[in-house]
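Heads up: the structure comes next, in structure tokens.
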Amino acid sequence: KVAIKGIERELICPACKELFTHPLILPCQHNVCHKCVKEILFAFEDSFADGGSESSNQSSPRIRISASSMDRIDRINRSGRKRNSLTPRSTLFPCPGCQRDIDLGERGINGLFRNFTLETIVERYRQAARAAVAIMCDFCKPPPQESTKSCMDCSASYCNECFKIHHPWGTVKAQHEYVGPTTNFRPKILMCPEHEMERVNMYCEICRRPVCHLCKLGGGHANHRVTTMSTAYKTLKEKLSKDIEYLISKESQVKAHITQLDLLLKETECNSERAKQEASQSFEKLYHVLEEKKSAALRAIETSKNIRLEKLQTQVEEYQGLLENNGLVGYAQEVLKETDPSCFVQTAKQLHVRIQKATESLKSFRPAAETTFEDFVVDTAKQEDILGDLSFHSNGLEIPEINEEQSRMYNKALICWECPGKTDSADIYVLEYHKLNREDESVTWQKTEVCGKSKILSDLDEDSSYTFRVRGYKGSICSPWSREVILRTPPAPVFSFLFDDKCGYNNEHLQLNPRRTSVESRAGFPLLLGSERLQVGCYTTLDYIIGDTGIAKGKHFWAFHVEAYSYLVKVGVVPSNKIQKLFHNTHDVTSPRYEQDSGHDSGSEDAFFDSSQPCTLVTLGMKKFFIPATPAAPKDPASRILPLPSCLGICLDCDKGRVGFYDAGRMKCLYECEVDCSGIMYPAFALMGGAAVHLEEAVTAKYREYHDDI
């Protein structure tokens, strides 16, 4: 048998770190003291009331909420979940055992089972720990006698005399169940916490908890797979017995592992000391390099200072010589006293040259040396950035990868990344980015810290390319940088609009979603009825829809998705003065006269057809993008057909009178042409057959939270 003292680790509550007291079984199968559950929930309420401040934990000395738990409080608070009582509609509880948020359901802690088996084991452990301390009789007059038995029905302890008095022979109490002296009294029948008058007699295999017949009939376990309590007892006991026998049979292997772990402990100690020494040596090398650079810089400054002081001192002496009766002036005054012309001329010629130089220097005074030391300023900005990134590079942290498919560049930039192993091993991520500029050789990375795996940036320039990279941090350890990804911003500010459900909208052929961000055309009965009378060809028209907002000036960009199954879609712009003509256009767009293989596609007919159109549109369909047939376009029809991008964009420049059609995923222009912008311009769409168009949603924080929930 396993010694009772060897299992103390299993009897400690993960919240208060003490022996369990009335433990409750959580849905995650971990056990927590009943009092600890209450205190944690109260601490959560205080944290929400105080905005998640750590000061709210001071009122509960038995437990401490870790930093990770506080982070979860903030996350739940941001999600809008309400926690105003111990039994709200849906109570989330942060399990201290598995560090996950557990849903306690509508009944909260009232719906949890008390773990009587664990409670009994704890009591046996306590008795073994205090074997010398006797349990006294609860009914003796002072002084109380040592108890000899405890009644499980009365939940009390008795000595022999008191037991006879309170359980007289021939009465109902004489039939009570009694055991040795104990302080752990448990009910003889386990009752259902949801239906308090019903005993549990089944076991739910889905929720892994006992239930009563009412739970199965109409409660939360109605559709769950259940089994009888006796079957569950037998099955679980057999499994547990086999597993215990297996572990006991592997005792020698366990001891070998313990020995190996002891060696690993010692090896870890030695390796950590070696790592400390290597780190100290690395920093010592840096110190030496810095000291040498510092000494060289100070020597250079000192040498320059001495040279400058010498030059300035010489200049001072020269100017002092210009004073009366001093230096050069005094010498010249003495020369003027010479009366012999020949001797005077011999001396005065050279002296006059010196006097002239002194006079010129006096007129244009300039110090012989600079007083500033701007040339000796040490620029350590780059080195500081490098030292700031100085950390331990570990192979234990996975290198994150930027997900280009989920990342978006629209009104704002949404950068998403993930770890290959799908595990969030890093505590925090650092996202860096910089603008690509061929003129600037130096690169300055902008840095932002992120707790999750996505970041929205709003300070990027339009029509520019940016490089992004990300790395993960766990304490002082960081992963290598991810592969750099280049993304391009839209060529103009994003223009927001919805589909217009009033102007020319044909609700028989087109269907709008409630938010007016998607339109769908169905090839149903209206199309069949329209062509039922015809025997040759199919003469139908396109169904048009426009945006509810127009553009009068400036440069604007918008994006949208065309479903891959779409048969025919046209997209572009239309001026306000041609909207009526657009919705009343009766041109035959699907007649055999205009089909590619009909033999009637003459150039003159195409020119007439293009010039007669009221708006500028390009054709999409069958997963293809068709470049319009213009004089500048390739003559080969096959070269004018491109694969349909997953996201398309339109850039309208009213000032220059041009419209461009873009692959919005790469921000690459596919086709550009001139357009008449004399009136207010509206986004225009035309659909025929089975087709659908979805407007691109603006990037917002709520947008990201919505897609995270999905």
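See the values below:
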{"quantity": "Rg/Rh for region 231-363, where both radii come from Cα atoms and Rh is the Kirkwood radius", "calculated": "1.87"}
{"quantity": "P(r) weight above 16 Å for region 432-486, C-alpha pairs, percent", "calculated": "49"}
{"quantity": "Solvent-accessible heavy-atom area per residue, rounded to whole Å², over region 110-175 at 1.4 Å", "calculated": "61"}
{"quantity": "Label-point separation, M191 to T339 (7 Å along Cα→Cβ), nm", "calculated": "14.4"}
{"quantity": "Accessible surface of region 231-363 [probe 1.4 Å, protein heavy atoms]: carbon and sulfur percent", "calculated": "59"}
{"quantity": "With every protein chain in place, region 401-488: carbon and sulfur % of accessible area (1.4 Å)", "calculated": "42"}
{"quantity": "Qualifying trypsin sites (Lys or Arg not before Pro) in region 138-218, DSSP loop, other Cβ atoms within 10 Å at most 16", "calculated": "K188, R208"}
{"quantity": "Rounded to the nearest 10 Å², the accessible area of D153 at probe 1.4 Å", "calculated": "70"}
{"quantity": "Difference of contour (0.36 nm per residue) and Cα-Cα distance, K250 to A629", "calculated": "128.5 nm"}
{"quantity": "Extended-chain gain in nm, criterion 0.36 nm per residue less alpha-carbon gap, S646 and C669", "calculated": "6.9 nm"}
{"quantity": "Probe 1.4 Å, accessible area per residue of region 401-488, Å²", "calculated": "56"}
{"quantity": "Accessible area expressed per residue, region 248-388, with surrounding protein chains retained (probe 1.4 Å, Å²)", "calculated": "86"}
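The values are calculated or read from the model by the stated rules, or taken from the named source; none is laboratory data. As the structure is a computational prediction, the values presented were derived from the model and not from experiment. All Cβ positions, even for glycine, are placed from backbone atoms using ideal geometry, and neighbour counts span all protein chains on display. Side chains are part of the model used for accessible areas, which takes the heavy atoms of the whole protein and leaves out ligands, DNA and RNA. Shrake-Rupley method; radii C 1.70, N 1.55, O 1.52, S 1.80 Å.
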